[in-house]
Amino acid sequence: MRWKPARGAKSYQVQYCADPITPAGWKDSVPTSDRRTVIAGLTSGAKVWVQVRAIAKDVTGPWSDVSVITVP
């Protein structure tokens, strides 16, 4: 998963959810300071919903729009 950098971001928080989306289904990926991450352990061909948000020194940004990906 890749995204455009956010100005002032020190790190990014990524969440993912198996299809279909449920409030309890969201899981946190390992935070990263890079503009991309790999989420291990997902089933090839499965649909997964993802969202990301930037974290600055004292501010956590809003979640991005949710995107759906098909695991390669």
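The values are calculated or read from the model by the stated rules, or taken from the named source; none is laboratory data. Since the structure is predicted, the reported quantities are computational estimates derived from the model, not experimental observations. Using ideal geometry, Cβ is built from the backbone for each residue, glycine included, and neighbour counts are taken over all protein chains shown.
General observations
- Yes/no for Gly41 being free of Cβ contacts under 8 Å to residues at least 12 places away in the same chain, more than 14 Å from the chain's Cα centre (by Cα), on the phi > 0 side of the Ramachandran plot and surrounded by fewer than 15 Cβ atoms within 10 Å (Cβ to Cβ): yes
- Residue match in segment 48-70 (condition: assigned to a strand (DSSP E or B), in contact (Cβ under 8 Å) with a residue 40 or more places away in the chain and exposed (fewer than 14 other Cβ atoms within 10 Å of the Cβ)): yes
- Failed item in (1) exposed (fewer than 12 other Cβ atoms within 10 Å of the Cβ); (2) of a type in the set (S, T, N, Q); (3) in contact (Cβ under 8 Å) with a residue 12 or more places away in the chain, with Gln13 passing the rest: (1)
- Test: Thr32 is at negative phi and in contact with a strand residue (DSSP E or B) (Cβ under 8 Å, 6 or more places away or on another chain): yes
Quick grid of which residues meet (1) of a type in the set (Gly, Ala, Ser); (2) touching a Leu at 6+ places or on another chain (Cβ under 7 Å); (3) at pLDDT 95 or above:
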| site | (1), (2), (3) |
| --- | --- |
| Pro5 | no, no, no |
| Gln15 | no, no, yes |
| Asp19 | no, no, no |
| Ser29 | yes, no, no |
| Ile55 | no, no, yes |
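- Every listed requirement among (1) loosely packed, with under 12 Cβ neighbours inside 10 Å; (2) in contact (Cβ under 8 Å) with a residue 24 or more places away in the chain; (3) assigned to a loop (DSSP other than H, G, I, E, B) is met by Ala6 save one, (1).
- Residues (hydrophobic (A, V, I, L, M, F, W, C) and either in a strand (DSSP E or B) or surrounded by 13 or more Cβ atoms within 10 Å (Cβ to Cβ) (or both)) located in segment 22-38: Trp26
- In segment 39-53, the residue that is modelled with the lowest pLDDT out of those that are under 14 Å from Cys17 (Cβ atoms) and polar (S, T, N, Q) is Thr43.
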